[in-house]
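Here's the structure, in structure tokens; my notes come after.
The values are calculated or read from the model by the stated rules, or taken from the named source; none is laboratory data. Keep in mind the model is a prediction, meaning the values are calculated, not measured. FYI the Cβ positions are ideal-geometry reconstructions off the backbone, even for glycines, and counts take in every protein chain you see. These area figures cover heavy atoms from the full protein model, side chains too; ligands, DNA and RNA do not enter into them. Shrake-Rupley method; radii C 1.70, N 1.55, O 1.52, S 1.80 Å.
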Amino acid sequence: MSDIVLKGVSKHYGSVRAVDDISFEAAAGSFLVLLGPSGCGKSTALRLIAGLEEPTAGRVLIAGRDVTRDPPSQRHVSMVFQSYALFPHLDVGENIVFGLKVRRVAAAERHRRLERVAELVGLDGLLDRRPAQLSGGQRQRVALARAIIAENAVCLMDEPLSNLDAQLRHEMRVEIRALQQRLGMTVVYVTHDQIEAMSMADRIILLREGRVEQSGEPEALYARPSSAFAARFIGTPPMNILRLAAVDGGAGIRGAANGRLVDGPADALLLGIRPEAIRIVERGGLPAEVVSVDYHGADTVVTTRVGDEPLMLRVSGHFPAGRRGAIRIGWDAAAAHVFDAKTGNRREEFHAFAPPA
Amino acid sequence: MHERRLAHVYGWLLLLPAAVLLVAFTHYPTVATLYDSLFSTATRLRPSTFVGLDNYRALGADPVFWQVVQNNFWFAVGTVPASIALAIAMALWVNGRLPGRALVRMAYFTPTVLPMIAVANIWLFFYTPEIGLLDKLVAAFGGSSHNWLGDPSTVLTCIIAMTIWKEAGFFMIFYLAALQSISPELREAATVEGASRWYYFRRILFPLLMPTTLFVLINALINAFKLVDHLFILTKGGPDNASNLLLYYIYEAAFSFFDTAYAATLTAVLLGFLAVMAVSQFFLFDRRIHYR
């Protein structure tokens, strides 16, 4: 059974189509991530589910019930806001039980749930503080606690980690995912950070300009991106997208004197290869010119030039200084993706080849 | 050593202009007033002499003084809560999405911009018997003509109504500024939790507006004891002192009756009154107010 269903939902502001005819489902107890760059409509989609915005067209169903015209209070959802939206004049405990007080839950029950939730998110001992006296991570936990204390089946999160530093973000990713699985919540999580999406999601909906670009499991999005946009949005560094030039029997990389890499028309196609799929070879392969080296510790991102095209590759460990200048690179045919040059869509009917051995 | 002394000199020189103004126009007059209130008024025949607390005793025995104090009390009770409540309501309204919002905001603020004397003249017209706006309205509903400002039982209410009209727009600006600094996500968070608009206002918005309310409250109270200009135009404190307020009474004592010692005594009482009010407000409310 699906907990949340969006059917052909649109939200237009005048001539701006913030969300344009999107449909998706989130299975009960699953972790769904709405991913996309700023302005892609992911936050608007979330607000449509919450009921903070009313759709221009389409229907929203939660737990099988049509809630399209219902106010937020009748949808039985919780929400975590990007700025946390904590009430600054109330202490942590009051912030967490705010919704319970609104719904007139008895004081004893409130107290019982507060203790449980505070322990769950690691806030015990801080309940008397004001939000201003907490660190960013602690505030995040308060917002989280406020969302889960209602014991709603659905929890909506709008970029909840974007105000935290990298270290804390990693910890909170693990914690939120663990909490979701432990409580069996259906979570819809909005982010522009593909690492958050990849590491937390059961399913990712990739949005672009108000439309669904691709949806699926993280592995599927990574392994078989349905467009050049999806290919470049997921993975760091992003996938290399190379322009092609005609060669004998097909197309090769533009400006490079090499053999056939794709068996299709050069000006209608693009070739995509992930930086981590490229390896440095001793002989054969393609000649590449090293332009810059970006050392990350565990690995190194090497930016090269192949013909007219820039190409990044990722090598593990340190890139030996002596090997700067000209190198030779290769990849497997299965690691190459072919996209349409005009629409950006994946073109399965053409085949890619590995560079000559 | 030499340089440090020079720095001191510079410091005091920088302070000097502000200090001179402060002493000349605030501290010296205050002290002088207190001092004068302990002396009798000098006349051509009798020079001023030290009379101790005699002026204060005379004040206590003056029935007009007590009536003025009473008037001022009711004036404050009538204007302060009403103008604050109205200011909040107007600010909430013009803070929302509203066509012609700028125009409405400006309309609310206009009474504050208008000169006091002009305002009083407008309202004088409203209250004029027979031909005034108020009497015309009453007549339209079949009522009879009434001399609003000439009747001791209605005159203070008339002044109160006009003052609320004038103050509310000014206070609205402060509330509007405060409202705009409150994140709209707070309202959304409360909405998702199921809070009604009234609940949100009572539990979230109003407490967050408390610093503004304290500021406005102090200003409103001080203004209630400072009103004088409207009385010149509208009533001159009459009839039978029914609309006489403290500051106007001080003016009368000083410049109509030339009883400067009595005016100084009244002023000292007013000052003490205002000081006690301001201090007690801060002590009463400060602890309970959340400042961000």
Checklist entry - With the stretch A:106-219 as the region, which helices (runs of 4 or more DSSP H) entirely inside it contain at least 3 residues that are touching a residue at least 40 places away in the same chain (Cβ under 8 Å)? => result A:136-149, A:166-183, A:194-200
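If I ask for residues that are of a type outside the set (G, A, S) and open to solvent by less than 10 Å² (accessible area, probe 1.4 Å), which ones from the stretch A:145-163 would you list?
Residues satisfying the conditions are A:R146, A:I149, A:V154, A:C155, A:L156, A:M157, A:P160, A:L161.
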Checklist entry - Can you name the helices (runs of 4 or more DSSP H) wholly within the stretch B:1-94 that have at least 1 residues being in contact with a Ser or Thr (Cβ under 7 Å, 6 or more places away or on another chain) and of a type outside the set (D, E, K, R)? => result B:28-36, B:54-60
Next on the checklist: Take A:V105 and tell me if it is more than 22 Å from A:R177 (Cβ to Cβ), in contact with a strand residue (DSSP E or B) (Cβ under 7 Å, 6 or more places away or on another chain) and either at pLDDT 90 or above or open to solvent by 10 Å² or more (accessible area, probe 1.4 Å) (or both).
Outcome noted: no
Checklist outcome for this item: Per the filter on the stretch B:70-96, residues surrounded by 16 or more Cβ atoms within 10 Å (Cβ to Cβ) and under 17 Å from B:V155 (Cα atoms) are B:N71, B:N72, B:F75, B:A76, B:G78, B:T79
Next on the checklist: Please verify whether A:A26 is aliphatic (A, V, I, L, M), under 18 Å from A:K7 (Cα atoms) and within 17 Å of the chain's Cα centre (by Cα), treating the condition exactly as stated.
Outcome noted: yes
Item to check | Test: A:L100 is open to solvent by less than 10 Å² (accessible area, probe 1.4 Å), within 14 Å of chain B (Cβ to nearest Cβ) and at pLDDT 90 or above | outcome: yes
Checklist entry - Among the residues of the stretch B:39-49, is there at least one that is surrounded by 15 or more Cβ atoms within 10 Å (Cβ to Cβ) and modelled with pLDDT of 85 or more? => result no
Item to check | Residue in the stretch A:24-70 that is surrounded by the most Cβ atoms within 10 Å (Cβ to Cβ), counting only those that are of a type in the set (A, V, I, L, M, F, W, C), under 18 Å from A:L144 (Cα atoms) and away from chain B (no Cβ under 14 Å) | outcome: A:V33
Checklist entry - A:D165: farther than 18 Å from A:A197 by Cβ, modelled with pLDDT under 90 and either over 24 Å from the mean Cα position of the chain (by Cα) or among the charged types (D, E, K, R) (or both), yes or no? => result yes
Checklist outcome for this item: Residue set A:G285, A:G235, A:G252; condition over 28 Å from A:N152 (Cα atoms), surrounded by 21 or more Cβ atoms within 10 Å (Cβ to Cβ) and not hydroxyl-bearing (S, T, Y); output residue A:G252
Checklist entry - If you check every pair at least six apart or on different chains, which have Cβ atoms under 7 Å apart with a residue in the stretch B:181-207 that is more than 20 Å from A:G51 (Cα to Cα) and facing another protein chain (nearest Cβ under 7 Å) first and a residue that is surrounded by fewer than 18 Cβ atoms within 10 Å (Cβ to Cβ) and not basic (K, R) second? => result B:P207/B:H290
Checklist entry - When you go through (1) free of Cβ contacts under 8 Å to residues at least 60 places away in the same chain; (2) not in a loop (DSSP other than H, G, I, E, B) one by one for A:E54, which number turns out not to apply? => result (2)
Checklist entry - How about the stretch A:71-93: which of its residues are of a type in the set (S, T, Y) and over 14 Å from B:V192 (Cα atoms)? => result A:S83
Next on the checklist: If a residue must be more than 14 Å from every other protein chain (Cβ to nearest Cβ) and β-branched (V, I, T), how many such residues does the stretch A:103-131 contain?
Outcome noted: 2
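For the stretch A:242-357, list the strands (runs of 3 or more DSSP E) that sit wholly inside it and hold at least 1 residues that are touching a Gly at 6+ places or on another chain (Cβ under 8 Å) and acidic (D, E); which are they?
In the stretch A:242-357, the matching strands (runs of 3 or more DSSP E) lie at A:286-295, A:299-306, A:309-316.
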Item to check | Exclusive hit being touching an Asp or Glu at 6+ places or on another chain (Cβ under 9 Å), over 27 Å from A:P310 (Cβ atoms) and open to solvent by 20 Å² or more (accessible area, probe 1.4 Å), set A:R243, A:R211 | outcome: A:R211
Checklist entry - Does A:V188 meet the test of being within 14 Å of another protein chain (Cβ to nearest Cβ), at pLDDT 90 or above and within 18 Å of the chain's Cα centre (by Cα)? => result yes
Next on the checklist: Of all residues being within 22 Å of the chain's Cα centre (by Cα), on the phi < 0 side of the Ramachandran plot and in a loop (DSSP other than H, G, I, E, B) in the stretch A:71-89, which is farthest from the other protein chains (Cβ to nearest Cβ)? Just the residue, please.
Outcome noted: A:Q82
